[in-house]
1. Does A:GLU101 fit the bill of being in the same structural domain as A:LYS214 (by TED's automatic domain parsing), surrounded by fewer than 21 Cβ atoms within 10 Å (Cβ to Cβ) and at pLDDT 95 or above?
2. Say we look at region B:113-131 and pick out the residues that are within 12 Å of B:LEU33 (Cβ to Cβ) and within 18 Å of the chain's Cα centre (by Cα); which of these is surrounded by the most Cβ atoms within 10 Å (Cβ to Cβ)?
3. For region B:119-172, which residues satisfy the criterion of being assigned to a helix (DSSP H, G or I) and in contact with a Pro (Cβ under 8 Å, 6 or more places away or on another chain)?
4. Of everything in region B:267-277, what is assigned to a loop (DSSP other than H, G, I, E, B) and more than 9 Å from chain A (Cβ to nearest Cβ)? Give them in sequence order.
5. Scan region A:167-177 and give yes if some residue there is within 14 Å of another protein chain (Cβ to nearest Cβ) and aliphatic (A, V, I, L, M), otherwise no.
6. Take region B:184-198 and flag every residue that is over 14 Å from the mean Cα position of the chain (by Cα) and within 14 Å of chain A (Cβ to nearest Cβ).
7. What are the residues in region A:4-59 that are among the aromatic types (Phe, Trp, Tyr), in contact (Cβ under 8 Å) with a residue 24 or more places away in the chain and in contact with a Lys or Arg (Cβ under 9 Å, 6 or more places away or on another chain), if any?
8. Out of the residues in region B:1-51 meeting the condition of being of a type in the set (Phe, Trp, Tyr) and buried (at least 18 other Cβ atoms within 10 Å of the Cβ), tell me which one is nearest to B:ALA115 (Cα to Cα).
2 protein chains.
Amino acid sequence: MEVWFTEEWLPGLRISCQINSVVTRKKTKYQELCIFDTVEFGRMLVLDNVIQTTEKDEYIYHESLVHVPMFFHPHPEKVLIIGGGDGGSLREVLRHKSVKEAFMVDIDGEVIAAAKEHLPTWSSGFSDPRARLVVEDGREFLARSRSEYDVILVDSTDPVGPAEVLFQVDFYSLASRALKPGGCFAAQTESPIATPELVKNVYHRIASCFPVAKLYTAPVPSYPGGWWSFTIATFGGDPAEPTRKPDADFEGVLKYYSPEIHRRAFVLPPKIIKDLGLEYASRQYSSGKGM
Amino acid sequence: MEVWFTEEWLPGLRISCQINSVVTRKKTKYQELCIFDTVEFGRMLVLDNVIQTTEKDEYIYHESLVHVPMFFHPHPEKVLIIGGGDGGSLREVLRHKSVKEAFMVDIDGEVIAAAKEHLPTWSSGFSDPRARLVVEDGREFLARSRSEYDVILVDSTDPVGPAEVLFQVDFYSLASRALKPGGCFAAQTESPIATPELVKNVYHRIASCFPVAKLYTAPVPSYPGGWWSFTIATFGGDPAEPTRKPDADFEGVLKYYSPEIHRRAFVLPPKIIKDLGLEYASRQYSSGKGM
């Protein structure tokens, strides 16, 4: 007997994954939570019928979201992750020895509990003494902070339901205020090819709250369109250029990130630059006689 | 009523596309050919139940396959495309004014006929006086050639059925012999994340026939894994560095390619470099104190 899980990626487009077993399935206060063992993607977390993270490709998503801002910042000590209850972003943040405290604020404590029990690859950082796990609405947590964090990361679900508030100007403005001088912000900002209008809106909302905002991308096979965007925002300096490189602690650990991948992630094709209204990015391929 | 087409992307992974209409459907001598109008991808060519090319993302695939070798070559005049019956690669080749003759050799004349009738966006180059359309087995055509082409492109289906022969060392060896000195070769070489073993094998077969071979990638949402690879092979010089840049003829025409995208396409993440055995690429992120 074959069991399949199907997600409606977009209107008129579905992805179906064959399941070896349903590891857990429950209704939490906020959403329906499922963890599957799948044939192609290995272990998989699904919230409200949307694939959140899979064993096969989570390293691409988490290393992109985390290490681009973390290697842009010269010395990140205090980090805040909003969302990210599976623990993958926290795990990557804690690889940086400079980090003294890493807060992970997820609204749904049952996601954290399920990750602890069933997603050990993701949640390995939960027991790190530098980890601070908080079950609270991310926006409310952020609203109490002033000049507190070196890096703030938003590892959220799609902008429907509990995460909708995390895609608003008001929230980005709070994030800007909660950063120390020289701090930086990064968020997952959806698919530039599947939902370009959404990405455009979200990018420009972030850009309205920071002096510098740049979009970068990575391939993530289990997300709609297979190609994902992130937006990093800073108070100055070019986030496409890392200020540090991975030291010996990272030897053999990084599977997606490298300094060259960091830079490459910011290079966007002409149509995406145009569709998303990213004029800043057009300098990279226009004008100039030399190569 | 909803009509859906489903492709088995990989064992345990399926993609389903809702269809507005079946434009044409027939058994040719070699394969089953369908052209659909789909909700998400627009017009779509399907051969033997595998998505070949879609209106929404064909520009990424064709501009990657064609313009990386074409802008690496300083002055391509005579070009051979093996496969590519839809016409998308030919269209991109003919954008280069230096081209005097472009041969497109597809084994299946009914694909070419269907593209002419139903895929006008792809097949617009068929009527160009520089286009030479040939219905023949690509390997046999190539076996008669010596030092003839500046650029040879392989725009094939997957390595099963009629295209299997186009993924063998024998074929790459013929391609090497059919190139002029200074010529270059490029082929679509499948998904580095969905079928890494296959990509590894194919890459190393190509590398065994040329002094220089490099893998590059692009996101193609309608292909398994959403992330595709190409291999370019040359007799010298670094194909990651274009020798020319798009001139005024290309203004506003290119949607994916730019010189920066060209360079970016060759930057690969550590895990892919390791999985595929691409030692040459590891220089980009290892050692060295400076950034």
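The values are calculated or read from the model by the stated rules, or taken from the named source; none is laboratory data. Everything numeric here is computed off the predicted structure, so don't read it as measured data. Cβ: placed from backbone, ideal geometry, glycine included. Neighbour counts: every protein chain shown.
1. Working: in the same structural domain as A:LYS214 (by TED's automatic domain parsing): yes; surrounded by fewer than 21 Cβ atoms within 10 Å (Cβ to Cβ): yes; at pLDDT 95 or above: yes.
So A:GLU101 fits the description; yes.
2. Quick first cut of region B:113-131, residues within 12 Å of B:LEU33 (Cβ to Cβ) only: B:113-115, B:117-119.
From what is left, the residues that are within 18 Å of the chain's Cα centre (by Cα) are B:115, B:119.
Working: B:ALA115: 25, B:LEU119: 23.
Per the criteria, the residue is B:ALA115.
3. First, the residues of region B:119-172 that are assigned to a helix (DSSP H, G or I): B:123-127, B:138-143, B:161-167, B:169-172.
Answer for region B:119-172, where residues must be assigned to a helix (DSSP H, G or I) and in contact with a Pro (Cβ under 8 Å, 6 or more places away or on another chain): B:LEU166, B:PHE167.
4. Result: B:GLY277, single match.
5. Restricting attention to region A:167-177, the residues satisfying the condition of being within 14 Å of another protein chain (Cβ to nearest Cβ) are none.
No, region A:167-177 has no match at all.
6. B:PRO192, B:ILE193, B:ALA194, B:THR195, B:PRO196
7. Pass one, region A:4-59, residues among the aromatic types (Phe, Trp, Tyr): A:4-5, A:9, A:30, A:36, A:41, A:59.
Those still in the list that are in contact (Cβ under 8 Å) with a residue 24 or more places away in the chain too: A:5, A:9, A:30, A:36, A:41, A:59.
Scanning region A:4-59 gives A:PHE36, A:PHE41, A:TYR59.
8. We begin by selecting, within region B:1-51, every residue of a type in the set (Phe, Trp, Tyr); these are B:4-5, B:9, B:30, B:36, B:41.
Right, trim to buried (at least 18 other Cβ atoms within 10 Å of the Cβ) and you get B:9, B:30, B:36, B:41.
Details: B:TRP9: 24, B:TYR30: 16, B:PHE36: 12, B:PHE41: 17 Å.
Filtering first and then ranking leaves B:PHE36.
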